[in-house]
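Read through the structure below, which is laid out as structure tokens, and then see the notes.
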Amino acid sequence: MMNAREVKAVDLRRSNCVESNDSTHRRRGTVASEKLLYVETFGCQMNVNDSEKIVALLRKVGYHPTQDSSRADLIILNTCSVREKPEQKVYSSLCRYKGLKNRNRRLLLAVGGCVAQQEGERLLEKVPYLDIVFGTHNLHLLPEMVRQAEDGTRRAEVGFIDGDARLDLFPVEDAAGGVSRFVTIMQGCDNFCSYCIVPYVRGREVSRRSVEIVQEIGELAAKGVKEVTLLGQNVNSYGLKSAGEPDFAGLLRQVATIPGIERIRFTTSHPKDISPPLIACFAELPTLCSHIHLPAQSGSDAVLARMGRGYTRDEYLQKVAALRAARPGIQITGDMIVGFPGESEADFRDTLSLMDVVGYADLFSFKYSVRPGTSAAGFADDVDGAVKQERLARLQELQRRMTLEANKGFVGSVQEVLVEGVSKRGGQLFGRTCGNRVVNFAGDPTLVGCSVRVEITRAFQNSLLGEIRGRGTR
Ligand code: SAM
Ligand code: SF4
């Protein structure tokens with residue numbers, strides 16, 4: 001989601017949801033109406049974005065975010081079930097919070113997101129100390145469910161909401177500012193790749209109204225936001241099934257006219273839906289960043305066909321070439337799955353060779369994990385676990401070398417960097433290049449939110465180091 005990541009707890013500070021400094025927002029008991037909320041986020045950026053919305057919704061009913069779960073009155077796990085491993089981590093987190101709940105009977109525990117959608121009511125049965133289960137279409141019910149839980153009522157809501165009613169339920173972003181924000185433009189997915197659970201847990205694809213997206217981004221810009229990342233499982237099919245809405249290229253052109261927005265990113269793109277008008281945007285819109293996340297999943301035609309991806313290796317490479325012709329230097333990242341049913345050593349080598357040809361800036365790679373209910377769950381999961389592990393290690397080693405080489409290629413160049421904050425290692429600022437490389441450099445904290453020109457002096461595996469050479473062009 002952009003891409004799913006290996007599961008991790010997301011630090012809410014990334015999403016401008018820092019714990020209130022107000023000394024009145026102390027432990028429950030000090031100020032009865034103000035309570036503390038801890039959100040643990042698993043999975044992709046869609047979930048990070050949903051967690052921001054959860055924080056905004058519950059703030060309105062008196063819950064303020066904390067980074068310390070032991071101080072919380074309400075703990076919410078926003079979960080991911082895209083692979084088995086993240087799903088399992090949810091259950092270990094629940095066990096951890098059981099101890100807190102034993103010590104504090106009034107602590108409320110909720111599970112939302114894809115595992116909640118998958119399990120529904122069953123989760124309340126499996127986890128007797130759980131108070132709330134809310135599905136991917138039910139965020140809006142959360143304030144009411146929390147109020148009921150405060151009165152002792154346990155509840156699960158996982159109904160899908162379709163049609164216009166769904167369009168009215170896209171929660172608007174928290175009014176907080178920041179430098180860079182996610183904006184959801186669509187939800188769900190109709191692609192049904194054979195391995196993927198997303199269509200089952202996120203529901204049918206629905207595109208948000210463009211007028212609301214543009215209004216929301218305008219309001220974020222007015223609060224000082226400089227960069228937006230348009231989010232969806234498959235952003236480039238935006239608007240295709242909605243009468244009267246622009247297609248994704250048309251939406252990008254509208255967003256590009258919003259005063260104050262200096263950078264536009266989007267994620268994730270499905271290669272089959274990369275259209276000529278979208279490619280033209282890379283040639284014509286200067287605020288569209290030079291980066292695209294374009295998951296191939298495999299370099300073998302036979303595997304791609306069994307995955308139901310809807311493109312061949314050659315078609316993928318043609319799209320990559322067209323993007324590079326439109327925007328020379330564009331950075332391409334992707335996702336790969338190893339050990340898909342029937343993947344032979346030769347198929348896997350096709351994946352390695354695709355990586356060589358494309359030259360990914362970075363890659364998220366996963367061992368195939370059977371997901372219940374998907375069509376691939378009916379295929380024999382016939383690649384041995386040790387072989388999957390060995391292929392993953394080979395792939396990741398190749399990518400590590402390619403990423404480091406590519407990073408070294410930036411040394412000596414001057415990059416325009418949007419300053420996003422002060423890094424935890426004191427004294428340094430951090431930001432990203434237009435191509436999405438992280439750059440650290442010494443500078444004055446008042447530069448946060450500004451574009452600066454930075455000469456790259458050193459390259460590391462995951463970041464670049466540089467020195468400021470002046471203000472940027474924006
Ligand atoms: N919509 C995006 C796309 O089509 O590229 C991907 C969204 S999916 C949530 C994120 C990534 O998880 C996929 O690109 C894929 O690499 C990985 N993934 C999904 N299902 C998987 C499975 N069953 N086993 C392993 N990896 C999986
Ligand atoms: Fe899953 Fe395929 Fe949809 Fe991506 S496009 S979310 S991989 S079904």
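Taking every residue in segment 78-90 that is outside any helix (DSSP H, G or I) and pairing it with any residue that is among the aromatic types (F, W, Y) and crowded, with 24+ Cβ neighbours inside 10 Å, at least 6 positions away or on another chain, the pairs with Cβ-Cβ distances below 7 Å are N78/F42; T79/F42; C80/F42. Per the conditions (1) touching a strand residue (DSSP E or B) at 6+ places or on another chain (Cβ under 9 Å); (2) within 16 Å of ligand 2 (Cβ to nearest atom); (3) in a loop (DSSP other than H, G, I, E, B), the sole criterion not satisfied by Y311 is (1). Residues in segment 203-220 that are over 29 Å from S451 (Cβ atoms) and surrounded by 22 or more Cβ atoms within 10 Å (Cβ to Cβ): V206, S207.
Each residue in segment 200-258 was checked for being within 16 Å of ligand 1 (Cβ to nearest atom) and not in a loop (DSSP other than H, G, I, E, B), and 12 pass. Residues in segment 110-134 that are surrounded by fewer than 21 Cβ atoms within 10 Å (Cβ to Cβ) and in contact with a helix residue (DSSP H, G or I) (Cβ under 6 Å, 6 or more places away or on another chain): V127, Y129. Taking helices (runs of 4 or more DSSP H) as the structural unit, those lying wholly within segment 103-193 and holding at least 1 residues that are within 16 Å of ligand 1 (Cβ to nearest atom) and on the phi > 0 side of the Ramachandran plot correspond to 113-119.
Close contacts from segment 343-365, counting a first residue that is at positive phi and a second that is part of a helix (DSSP H, G or I) and surrounded by 16 or more Cβ atoms within 10 Å (Cβ to Cβ), with Cβ to Cβ under 9 Å and a gap of 6+ residues or different chains, come to G359/M402; G359/A406.
We did not get these values from a lab; they are worked out from the coordinates using the rules stated. All figures in this text were calculated on a predicted structure; none of them were measured in a lab. When we count neighbours, we look across all protein chains shown, and the Cβ atoms used for this are built from the backbone with ideal geometry, even at glycine.
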